[in-house]
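These notes concern the structure reproduced below.
Read-outs throughout are calculated quantities, based only on the coordinates presented, and are distinct from any laboratory measurement. Not measured: the values here are computed from a predicted model. Because the Cβ atoms are built from the backbone with ideal geometry, glycine has one as well, and the counts that use them run over all protein chains shown.
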Amino acid sequence: MDSRELRFSRAMIFAVEEINNSSYLLPGVTLGYQVHDSCSSVPMAVKVAFQLANGQDPMFDTGEQCSGSATVTAIVGESASTPTISMLRIIGPFGIPQVSHFSTCACLSDKKQYPTFFRTIPSDQFQAAALAHLIRHFGWTWIGAVRSDSDYGNNGMAAFLQAAQEEGIYQHDLHIFSLSKVSTAQVVVAFVASGDMRNLLEEMDRLPSPPRQWIGSETWVTDPDMLRFGLCAGAIGFGIQRSVIPGLRDFLLDLSPQKVSNSPLLTEFWEGAFGCRLGIGTSTGVGVEEKVCDGSEDIQQLQAPYTDTSQLRVTNMVYKAVYAIAHAIHSIVCEERENSTVNCDKKLNRLRRVNFSRNGYQVSFDANGDPIATYELVNWQIRERGKLEFVTVGRYDASLPLDQRLDMEREITWVKNSTQVPVSVCSESCPPGTRKAIQKGKPVCCYDCIQCAEGEINCLICPEEYWPNAERDRCILKPVEFLSFHEVLGIILTACSVGGACLAIATATIFYRHRTSAIVRANNSELSFLLLFSLALCFLCSLTFIGRPSEWSCMLRHTTFGITFVLCISCVLGKTLVVLMAFRATLPGSNVMKWFGPPQQRLTVVSFTFVQALICTLWLVLSPPFPIKNPTTYKEKIILECDVGSAIGFWAVLGYIGLLALLCFVLAFLARKLPDNFNEAKFITFSMLIFCAVWITFIPAYVSSPGKFTVAVEIFAIITSSFGLFFLLFVPKCFIILFRPEKNTKKHLMEKTSNDIRFTTKAKH
C-alpha cells in the first residue's frame, strides 16, 4: 500500500468533516463522500468512473437523509494523469466536474477535450518552464532525460522541450537522450511518475552506475518514500509549496482498532504497518501462525509517509480541492427552497469562479482550470546521522517577469555532497580566440575548438581600429604608437639633437671670440658662421619628427629638414668653390676671385636655398604631408605617422639635397691636393663622403623600417650626417684655436709644405 495516497484520502475526509462542522460554509447542508482505490490501474479507474456516474453503489452513510440520487456531485482525483484522462472520457459527458490534486499533465488544460476538469496543482506546462529556466540558470547544455511512457511522462517531456526552446537553448545547445546513452551527461532530468522512478532507482541500485545530478519532476522529487535511495543525494526539483493544515495530524493519528476495522483501506494499512492481523490469527499453511494485533500498536511512534506531516505539499492540494467544491456549492449552486429541500446543480458551473483563501493559501482557477503556479526548489540534502531530507533552497513564481521568477535562497548541495555546480556539457566551452567546429554526426553542442585567425573574437573580425584583448574575449581600441619624447629612443634622439645644436652654437662662440685669428679669417668666416647656424638648425629640425604627428608638424618636419640641409650643403659648396678659386687666383694673370667675392658667395647660397624653398612651397601647396593612422603595419596597434602627400615632392626634396652633396663631393675631391695649411678640401671631401654614405644607406632603411622606427631612421640620418659635417669641418679648427695657438698664425698658414713645392714645380712646367 502507498500510505502517502492513503493520507490524501484521509485529508479529503478531514476537509469534508471540517466543512460539515462549519457555521459559515454550507450551513444546513451535509456533504457525503465515497472513497475508491484505483490501484494505479486505468481499467480500475474506468470501472470506478462508471460506478460514480451511474450511482450503482449503495450509500455508505445510511444514518443521514441525503436527497437526490447516488450519483456524485463532484470528484476529487485522480493522482495520476492517465487514469484521470480515462475517467474524464466517461464522466465528462455527464457534466460531473473533476478536481484533481495531483494530475499535472499539460494536456488536461485543453478545455475543448476536458471542459469539466479543474486542478489545484499547477500544470506541467509551468513546471516544464521552471525546469528549463533552472537548466539555463546553471548553464547545462548536455543533459540526459528520462520519462515515463505515459500521458504524464510523454506530455511533460514534450512541454519541457518546448519550454527549453522558448528559453533559447534547445535549437543550438540542448539535446535529450535516453539514460543509456548519456555517459557524458552529468545532469539527468527525470519526468517520471513515482512508481516508475522507484523501479528505475531500484534497478540502478542493483547495477551501480556513475553518480549523476538528478533533476526531478514534482511527482517523485518530493515523495518521502524516495528518500531511501541514497544515489539521488543532491537531487533538485520543483515541488508544491509546503503548507500547514491545522488539526490534520491529530485526525490522521486518531485511529482506534474499531475505526480501522470498519475501513478495508485502513485495515490493510494497519496490518502492513505493524505486521499483524486484526482479528483471530490464521495459519499461513507452513505451520506458522500470523501475529494478531493486540492493541499495543502505537501509531504515534510509526514512521511512515502516512504519519509524516512535516512536508505537506500535495496533501494541501487535496484539502483545497474539497474546499473549492464546497465553495462552488455554497455560492449559488445549492439554494434552500421554502420547503427546506435542496436542489443542486450537478454541473457546478460556479466552480470556475471560485476565489477564496484557506489557511493563508489562495484558491482560484484560470480559464483552463489551472491555479496560479508557484513552486519551491527542493534539494535532497544529507542532514544529521546521514539522513536525507527535503530542504527548500529557492522559489519559482510563474506570475512574475521572466528574470525574476527564480529566486535562490540557500546554497544547494549537489551530487557527491559537493557545493560546486556540476558541469554537464558535451564539449567544454571553447577558450577565447577559438571557434566551434561541429563534430560530424553528433549534436550541435558537441564540437571541436579551432583556433581563430589573428585579430578575431569568436572568429569575428574586430573593427579596423580594434584588436582582441589579452583574454581574447572582447575587442578593445588598438593602442596608438608614435615616437614620443617620453620613451627611451625619443629621449636619446632628443639629447643628440639638442647636444649637436649646442656644440654648433659653442663652436660659433669660439669662432666669434677668435674671429681676428688667422685660421678663422683664412677659412671664410662669413660662410663658417652661416654653416654653423645651418648645422644648428639641422640638429634642431630633427625635433619636429618626435611627438604626436599633427598637420603642422607633418608639414614642418619635411620642409625645415629640406631647407636647412640645402642651406648647410650650399655653405659647404660655397667654401669648396672659394678654395678652388682662391688657388686659381694665385696663377699669373688670373682675376677669377672677383667673381667669387663675398657678394657672389652669398648669392650662391641664397640661390641654391631658394630652389629648395620653391620645391617645398610647391609641395605644400599641391599635396602637403598630413597625419594618418596606419593600422596595417602592425595588426595589434595603430601607428600615427605622417603621409608625405606627394611622393614626387618628397623625393624631389631629398634628390636635390643629394645632387648638391654629390656636386660638393666632386669639387672637394678635385681640390683635395691643394696646399694643406690653408686648404680644408680634404675635410670637406671626407664629410661629404660620410654625408652621402649616410643618406644612401638611409633610403633602404627608411623603406623597410616599420612604424615609429621609420621616423627614428630619418632622425638618425639627420643627426649622423650633421655630426659628420660638424666634426670634420670644425673640430680640427677648434683644436688648433684652443690647444695649438702657435699654429694659429699667418706665418704658419703661409708656409709651404712638400705638397706646395711639388704643386709649384708642376705649375711652372
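Structural remarks
- As a ratio to 2.2 N^0.38 Å, the alpha-carbon radius of gyration computed for region 434-477 takes the value 1.36.
- Most to least packed among 27-36, 551-560, 372-381 [average Cβ atoms within 10 Å]: 372-381, 551-560, 27-36
- Under the combined filter of DSSP loop state and at most 11 neighbouring Cβ atoms within 10 Å, region 387-434 retains these trypsin sites (Lys or Arg not before Pro): Lys387.
- For Val187, distant residues with modelled amide H under 5 Å away: Gly144, Gln213
- Nearest-0.05 FRET efficiency for Glu428 and Asn20, computed from C-beta distance (R0 51 Å): 0.20
- Counting every pair of alpha carbons in region 419-566, the share spaced more than 28 Å apart comes to 56 percent.
- Across region 434-477, the relative contact order, built from alpha-carbon pairs under 8 Å that are at least six residues apart, equals 27 percent.
- A dipole drawn for region 434-477 from +1 and -1 charges on Cβ atoms has a positive end, and of Asn469, Cys449, Cys459 the residue lying farthest that way is Cys449.
- Lysine pair number, Cα distance threshold 24 Å (strictly under), region 488-725, separation 8 or more or different chains: 9
- Separation of alpha-carbon centers, region 481-501 and region 203-240, rounded to whole Å: 74
- Projecting label points 7 angstrom from Cα along Cα→Cβ for Ser607 and Asp298 puts them 13.3 nm apart.
- Each Lys or Arg adds one and each Asp or Glu subtracts one; over the other residues with Cβ under 14 Å from the Cβ of Thr82, this totals -3.
- With the gyration tensor restricted to C-alpha atoms of region 488-725, the semi-axes of the equivalent ellipsoid amount to 36, 18, 15 Å, longest first.
- With the simple spin-label model, which puts each label point 7 Å out from Cα in the Cβ direction, the Met408 to Leu265 separation comes to 4.2 nm.
- Spin-label model, Arg515/Ser331: points 7 Å from Cα along the beta carbon direction are separated by 11.9 nm.
- For the peptides 294-304, 228-238, 439-449, 269-279, the ranking by packing is 228-238, 269-279, 439-449, 294-304, with the highest mean count of neighbouring Cβ atoms within 10 Å listed first.
- Taking Cβ atoms as reference points and 12 Å as the exclusive limit, the residues near Tyr396 contribute a net charge of -3, counting Lys and Arg as +1 and Asp and Glu as -1.
- Stretch gain in nm, segment Val421-Thr392, where the contour uses 0.36 nm per residue and the Cα spacing is subtracted: 8.7 nm
- Listed pairs Lys112/Lys320; Lys112/Lys442; Lys259/Lys320; Lys47/Lys320; Lys47/Lys387; Lys47/Lys111 exceeding 32 Å between Cα atoms: Lys112/Lys442; Lys47/Lys387
- Cβ-based net charge around Leu231, under 9 Å, with every Lys or Arg adding one and every Asp or Glu removing one: 0
- Karplus-based coupling profile of region 442-454, in residue order and whole Hz: 10, x, 5, 8, 10, 8, 9, 9, 10, 4, 6, 5, 4, with θ = phi - 60° in 6.51 cos²θ - 1.76 cosθ + 1.60 and x standing for Gly or Pro.
- Integer Hz, Karplus 6.51/-1.76/1.60 couplings in order for region 645-660, x for Gly and Pro: x, 9, 5, 5, x, 5, 6, 5, 4, 5, x, 5, 4, x, 5, 5
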